[in-house]
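See structure below.
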Amino acid sequence: MKNKAVAIIVAAFAMAITAGIVYADLKKGYYAPDQLGVQQAAPAALSTDSDYQVSAYAVPTLELAPGDGRQDVQIYCNICHSPRYITMQPPLPAATWEEEVNKMNKAYGAGISEDTTRKIIAYLQNHYTPETRKQ
Ligand code: HEC
């Protein structure tokens, strides 16, 4: 009789531990919102129709000085970073612009053809040196 009671108690313990393990495993990785330290804003509601607002892609090209070669700069110097990298420099000496464009080609792998590279250097020298920069 005593052995039976002990067996029942052991079995009850084993079931409780098993249930605890199964429950912990089910809850693994789940955190209720109030358990998270950081409260996040609710995500924006998704549109339920097919109306979308579109507009022109914002390409910051207008700030470059107009002139021969500007289009090449817009095409080739816009691939890895904004052309603002040019306008945010202080007016640089002509030789520095040449080194700068060569650095983009050689060190950073811009791979711009020789003709276009020359055009771009000329453009930068004609518009962005201490003597030529107007804006
Ligand atoms: C292949 C990618 C690539 C292309 C194309 C490219 N650049 Fe860069 N440029 C870079 C990287 C990388 C940096 C350094 C970025 C940084 O420090 O945040 C950089 C930085 C610059 C800077 C800031 C000064 C400096 O030396 O770090 C200027 C000015 C610049 N580029 C001008 C140009 C011009 C002009 C062209 C077009 C001839 C051009 N870039 C095309 C990758 C490129």
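The values are calculated or read from the model by the stated rules, or taken from the named source; none is laboratory data. Just so we're clear, the structure is a prediction, and the values are computed from it rather than from any experiment. We place every Cβ from the backbone using ideal geometry, glycine too, and count neighbours over all the protein chains shown.
Given the criterion over 22 Å from Gln135 (Cα atoms) and aliphatic (A, V, I, L, M), identify the matching residue among Ile86, Ile79, Ile120.
Numbers: Ile86 fails: over 22 Å from Gln135 (Cα atoms); Ile120 fails: over 22 Å from Gln135 (Cα atoms).
Criteria check complete, one pass: Ile79.
Restricting attention to helices (runs of 4 or more DSSP H) lying wholly within the stretch 73-135, give those where 2 or more residues are at pLDDT below 95.
84-87
For the condition in contact with a helix residue (DSSP H, G or I) (Cβ under 8 Å, 6 or more places away or on another chain) and more than 9 Å from the ligand (Cβ to nearest atom), what is the one hit in Ala122, Ala65? It would help to see each step written out before you state the result.
Values: Ala122 fails: in contact with a helix residue (DSSP H, G or I) (Cβ under 8 Å, 6 or more places away or on another chain).
Testing whether each residue is in contact with a helix residue (DSSP H, G or I) (Cβ under 8 Å, 6 or more places away or on another chain) and more than 9 Å from the ligand (Cβ to nearest atom) leaves just Ala65.
Output the residues belonging to the stretch 89-117 that are among the charged types (D, E, K, R) and under 16 Å from Thr132 (Cβ atoms).
Applying the first criterion (among the charged types (D, E, K, R)) to the stretch 89-117 yields 98-100, 103, 106, 114-115.
Hits for the stretch 89-117 are Glu98, Glu100.
One residue is enough: does the stretch 43-55 have a residue meeting the conditions in a helix (DSSP H, G or I) and either loosely packed, with under 10 Cβ neighbours inside 10 Å or among the hydroxyl-bearing types (Ser, Thr, Tyr) (or both)? Outline the logic, then answer.
Narrowing the stretch 43-55 to residues in a helix (DSSP H, G or I): none.
Scanning the stretch 43-55, I find no residue that is in a helix (DSSP H, G or I) and either loosely packed, with under 10 Cβ neighbours inside 10 Å or among the hydroxyl-bearing types (Ser, Thr, Tyr) (or both), so the answer is no.
Report yes if some residue within the stretch 15-33 is of a type in the set (Gly, Ala, Ser), out of contact with any helix residue (DSSP H, G or I) (no Cβ under 6 Å at 6 or more places or on another chain), closer than 30 Å to Leu124 by Cα and assigned to a helix (DSSP H, G or I); otherwise report no. Steps first, answer last, please.
Filtering the stretch 15-33 for residues of a type in the set (Gly, Ala, Ser) gives 16, 19-20, 24, 29, 32.
Of the ones still in play, those that are also out of contact with any helix residue (DSSP H, G or I) (no Cβ under 6 Å at 6 or more places or on another chain) are 16, 19-20, 24, 29, 32.
Next, only the ones that are closer than 30 Å to Leu124 by Cα stay: none.
No: the stretch 15-33 contains no residue that is of a type in the set (Gly, Ala, Ser), out of contact with any helix residue (DSSP H, G or I) (no Cβ under 6 Å at 6 or more places or on another chain), closer than 30 Å to Leu124 by Cα and assigned to a helix (DSSP H, G or I).
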